[in-house]
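Peer 1: Dropping a structure here in C-alpha cells format, bear with me for questions.
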Amino acid sequence: MTPPAHGEPSLPPVFKRRAGETMAQIPKEEYILETTSACPGCSSSLSLRYILKAAGPDTVLVIPASCSSVIQGMYPNTAVNVPVYNIAFAAAASCASGMVAGLRRAGRETKVIVYAGDGGTVDIGLQALSGALERETDFLYICFDNEAYGNTGMQRSGSTPLGALTTTTPLGKIHPKKEIDRIVEAHHPPYQATAISAFPLDLFQKVEKALTFRGPSFIHLLAPCPTGWRFPHGKTIEVGRMAVKTAAWVLWERGQGRLSVSAPSKGPLKRPVPLQDYLGMQGRFKGLDPALLSRLQQGIGTNREAILAEAERP
Amino acid sequence: MKEIVTANYAIAEAVKQAVPGVIAAYPITPQTEIVERIAQYVARGELACDYIPVESEHSAMAACIGASAAGVRTFTATSSQGLLYMHEMLHWAAGARLPVVMANVNRAVGPPWNVWADHTDALSQRDTGWLQVYVATAQEAYDTTLMAFRIAEDKEVLLPVMVNLDGFLLSHTMQDLETVEPGSFIPPLHLPHAIDPAHPAAYAPLTGPKDYYRFRWEMEKSMRAARRVITRVEKDFAGRFGRRYGVTEEYRCEDADILVVAMGTLAREAEVAVDRLRAEGTRAGVMRLRWFRPFPTLDLTGREVVVIDRDYSFGFGGVLARSLCSAARIEPFSVIAGLGGQEVTYEDIASFVRERRPGEEYWFGVKGDV
Ligand SMILES: Cc1ncc(C[n+]2csc(CCOP(=O)(O)OP(=O)(O)O)c2C)c(N)n1
Ligand code: SF4
Ligand SMILES: [Mg+2]
C-alpha cells in the first residue's frame with residue numbers, strides 16, 4: 001500500500017465536539033473568511049459557514065463549476081480555510097468517490113463534502129451523483145440550489161421552478177422543477193435532508209448528523225439568490241423564512257427509512273401562509289401567467305401532502 | 001517468471017506489481033480483459049487496492065483525479081470512445097499535475113462502429129498534457145507500464161502517462177512475458193501537493209490572465225524534463241532487468257538510406273518488410289517511435305522517410321507524418337494505412353517503400369482519387 005504523503009494533521013479540539021443544541025453552542029471557529037467574492041446577500045457564504053463549523057477542519061470541499069468556484073476567491077487567495085478541490089462541472093461526485101477511496105487507503109478519516117450547484121447536481125452531474133450513491137461512497141453531498149445556473153448568469157436549470165423567469169426562460173419556465181430528492185431517495189442513502197440558510201441551527205445540526213453516517217448522505221439546500229431571484233440583497237433571510245412559511249420549501253430529514261419534519265416546517269406544513277407572499281417578494285415570478293401559477297401551486301401542494309403523508313406513516 | 005500471455009494480461013500483471021491504491025475503470029472492448037483481471041486480483045486479495053466500478057469513463061478519470069490528489073497511486077484503462085469520453089478529465093488530470101497511469105488500447109473511433117486497431121483515439125488527445133508511449137509487444141507493454149508509474153511520479157514530471165497498445169493485434173495476441181520483481185524500482189509515491197487538511201489550500205481555483213500561463217509553462221517545463229527522466233528510468237530498468245527500449249526503437253537503421261517510421265505493431269511488421277527490401281538490394285530500416293509525447297528530437301537528415309499513420313487528422317494529414325514534417329523538417333512519403341484494423345501485410349509495407357513518392361500522401365486501398 002502507498003503510505004500517506006504526510007503525517008496526520010493535528011486537529012483543534014473543536015473537531016471532537018458534539019452538536020450544539022442552541023446557536024450559542026455552535027463552534028466559534030470560522031472556516032469561511034470574510035472575503036468571499038459572492039454577490040451581496042448571497043446565501044452561500046452563510047451556508048458554507050455553518051456547514052464547515054459542523055464539519056470541522058479535517059474536511060475537504062469538492063466544488064464543481066458553479067457560483068462557489070467564484071465565491072471562494074481568486075488565486076493566490078482563498079476565503080476557505082479547509083482544502084478546496086475544484087473540479088470540472090460534471091465530475092464532483094465521481095472525483096469525491098476517488099478522493100474518499102484514496103484518503104481511506106492512506107489511513108485518513110478526512111471528511112469529503114461535495115458542495116455543488118443545482119445544475120452540477122440535477123443536470124450535468126446527475127450521472128456521477130447516481131453512481132456515487134449507488135456505490136455507497138462515504139461522503140456528504142450538498143446541493144446548493146439557487147434554482148438556476150448562477151455562475152453563467154442565471155439560465156434555467158432542471159431545478160428552476162415552474163414559471164420562474166431566467167435568461168433562457170424569458171416567458172417563465174414551462175417545465176416543473178426536477179424532483180432531485182425523489183431521485184436521490186431511490187438510491188436509499190442512509191441520511192437525506194433539506195435545509196436553508198435562514199435556519200442555520202437546523203442546517204448545522206443536519207450537517208453534523210449527516211457526517212456521523214458511513215456511506216453517502218445528501219442535503220438539499222435551498223439557496224435564496226438575490227441576484228437571480230431578483231430581490232433586495234438585504235432580504236435573503238426573509239425570503240428564506242417565507243419559503244418555509246409558505247411550505248414552498250419544507251425542511252425534513254430522512255434516516256433509516258423514516259422521514260421527520262424539522263421544527264421550522266412543522267407549523268407551515270399544516271397551515272402554510274399563501275404562496276403569493278413568497279412569490280411576490282421575487283422579481284423572477286413577476287407577471288407570472290395564471291395557468292403556470294396554478295400548476296406551480298398544485299405542485300407545491302402535492303409535495304407538501306406527500307411529505308405529510310410520509311411523516312405520519314406509522 | 002516466464003509465461004505466454006496477451007498484452008492485456010501483461011498490463012494487468014504490471015499494475016498488480018505496481019500496487020496502486022485506487023483503480024477506477026469502465027469496461028470497453030478491447031480493454032475489458034485488463035479491468036476484469038484487476039477486479040479479480042482485488043477480489044481475491046492479491047492486490048490491496050480499492051477498485052471503483054464507476055458508471056462512465058468521465059467518472060473513471062475524475063475518480064482517479066480525486067484519489068491521486070489524496071496522494072495515492074492510481075491506474076485506469078480504456079479505449080476509443082471511452083478515451084474520448086474522458087477528454088475533459090484528461091486535461092484536468094494533467095493540469096492538476098497528477099501522476100495517473102492509464103493503459104489505452106488503441107481502437108477506431110465511431111461512426112461507423114469498429115473495434116479494431118487505430119491510433120486516432122489517442123492521437124486526438126495529444127494536447128491534453130499527458131505523456132504518450134506506444135508499445136509493440138506484450139513484454140514491452142508490461143515493462144513500459146512499470147516504467148510509466150516511475151516516470152509519472154518522478155518529482156520532475158508529475159504528469160499523467162498513457163500507455164498505448166494496438167487493439168486485438170496486441171491486446172489479444174499471446175506472446176512471451178517474463179515478469180520481474182520491481183522492488184525498489186518503483187518507490188512509494190510522494191505527491192508534494194497531496195490534499196492535507198493541516199495545510200488547507202485551494203486547488204485549481206479561479207486564476208487570472210496574470211497567473212494562468214505560469215501553470216501552463218510549468219507543465220511544459222515538466223514535459224521537457226520528462227525526456228531526461230524517461231532516459232534515466234529506462235537506463236535504470238535496463239540495469240536491473242536487462243531490457244532496453246529507447247525513445248525510438250531502431251531496426252537496421254545504421255546504414256539505411258530509407259527509413260520506415262511508424263508506431264505500434266505496424267512498425268514491427270515493417271521489420272519483415274525491411275528484410276525483404278534489403279534482400280532486393282534496397283537499404284531500408286525501421287524507426288519505431290515509442291514516445292509521442294514528449295515528442296523526441298530526431299535527426300533524419302540525408303534519408304528518405306516513409307511514414308505510416310494508423311490515424312488521420314481530417315483536413316491536414318497523418319498525425320505522425322505531419323509531426324515529423326515540423327519536428328524533423330522532412331518531406332516524407334505519407335502512407336495512411338491500417339485504419340480501423342485494415343489489414344496491412346509486410347509485403348504491403350515493402351511496396352509502400354518501393355513505390356514511394358516523397359512529399360505525397362497515399363491512402364492504402366483507395367484507388368485513383370488521392
Ligand atoms: C462542461 C461544462 N459545461 C458548461 C460549463 C459552464 N458553466 C459553469 S458553471 C455553470 C452553471 C452552474 O450552475 P449550478 O450548478 O446551478 O451552480 P451555480 O452557479 O448556480 O451555483 C455552467 C453552465 C462548464 N464549466 N463546464
Ligand atoms: S448569483 Fe446568487 S448564488 Fe451566485 S453568488 Fe450571486 S447571489 Fe450567490
Ligand atoms: Mg445554481
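The values are calculated or read from the model by the stated rules, or taken from the named source; none is laboratory data. All values reported here derive from a predicted model rather than from experimental measurement. Cβ placement follows ideal geometry from the backbone for every residue including glycine, while neighbour counts extend to all protein chains displayed. To get the accessible areas, we keep the full protein, side chains included, count just its heavy atoms, and leave off ligands, DNA and RNA. Shrake-Rupley method; radii C 1.70, N 1.55, O 1.52, S 1.80 Å.
Peer 1: For region A:97-130, name all the residues that are charged (D, E, K, R) and within 16 Å of ligand 3 (Cβ to nearest atom).
Peer 2: A:D118, A:D123
Peer 1: From the residues in region A:225-273 that are touching a Lys or Arg at 6+ places or on another chain (Cβ under 8 Å), under 21 Å from A:P176 (Cα atoms) and not in a helix (DSSP H, G or I), which one is nearest to ligand 3 (Cβ to nearest atom)?
Peer 2: For region A:225-273, the residue satisfying everything is A:R230.
Peer 1: Taking into account only those residues within region A:211-224 that are in contact with a Gly (Cβ under 8 Å, 6 or more places away or on another chain) and part of a loop (DSSP other than H, G, I, E, B), which is farthest from ligand 3 (Cβ to nearest atom)?
Peer 2: That would be A:F213.
Peer 1: OK, next. Scan region B:27-52 for residues that are more than 19 Å from the chain's Cα centre (by Cα) and either facing chain A (nearest Cβ under 7 Å) or assigned to a helix (DSSP H, G or I) (or both) and jot them down.
Peer 2: Selection gives B:E36, B:R37, B:I38, B:A39, B:Q40, B:Y41, B:V42, B:A43, B:A48, B:D50, B:I52.
Peer 1: Quick one: count up the residues across region A:131-188 that are away from ligand 3 (no atom under 14 Å from the Cβ), in a loop (DSSP other than H, G, I, E, B) and closer than 24 Å to A:I300 by Cβ.
Peer 2: Residues flagged as away from ligand 3 (no atom under 14 Å from the Cβ), in a loop (DSSP other than H, G, I, E, B) and closer than 24 Å to A:I300 by Cβ within region A:131-188 amount to 11.
Peer 1: If you scan region B:183-201, which residues turn out to be open to solvent by less than 60 Å² (accessible area, probe 1.4 Å), within 14 Å of chain A (Cβ to nearest Cβ) and over 27 Å from A:V112 (Cβ atoms)?
Peer 2: B:I186
Peer 1: Okay, next question. Considering only region B:53-64, I want to know if a residue exists there that is under 18 Å from B:W130 (Cα atoms) and in a strand (DSSP E or B).
Peer 2: no
Peer 1: Next up: Taking the options A:S94, A:S69, A:S47, name whichever one is within 16 Å of ligand 3 (Cβ to nearest atom), modelled with pLDDT of 95 or more, within 19 Å of the chain's Cα centre (by Cα) and facing chain B (nearest Cβ under 7 Å).
Peer 2: Of A:S94, A:S69, A:S47, the one residue that is within 16 Å of ligand 3 (Cβ to nearest atom), modelled with pLDDT of 95 or more, within 19 Å of the chain's Cα centre (by Cα) and facing chain B (nearest Cβ under 7 Å) is A:S69.
Peer 1: Let me ask you something else. Whether any residue in region B:317-336 is over 17 Å from the mean Cα position of the chain (by Cα), closer than 14 Å to B:G365 by Cβ and aliphatic (A, V, I, L, M) is what I want to check.
Peer 2: There is at least one residue in region B:317-336 that is over 17 Å from the mean Cα position of the chain (by Cα), closer than 14 Å to B:G365 by Cβ and aliphatic (A, V, I, L, M).
Rundown of residues vs (1) more than 30 Å from A:P57 (Cβ to Cβ); (2) within 14 Å of chain B (Cβ to nearest Cβ); (3) within 16 Å of ligand 2 (Cβ to nearest atom), yes/no style:
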residue: A:L201; (1), (2), (3): no, no, no
residue: A:K209; (1), (2), (3): no, no, no
residue: A:F231; (1), (2), (3): yes, no, yes
residue: A:V250; (1), (2), (3): yes, no, no
residue: A:P264; (1), (2), (3): no, no, no
residue: A:M281; (1), (2), (3): yes, no, yes
residue: A:L293; (1), (2), (3): yes, no, no
residue: A:L296; (1), (2), (3): yes, no, no
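Peer 1: Looking at B:G66, is it in contact (Cβ under 8 Å) with a residue 40 or more places away in the chain and at the interface with chain A (Cβ under 10 Å from one of its Cβ atoms)?
Peer 2: Judged against the criteria, B:G66 is not a match.
Peer 1: Filter region B:1-26 down to the residues that are within 14 Å of chain A (Cβ to nearest Cβ) and within 22 Å of B:V54 (Cβ to Cβ) and list them by number.
Peer 2: B:V15, B:K16, B:A18, B:V19, B:P20, B:G21, B:V22, B:I23, B:A24, B:A25, B:Y26
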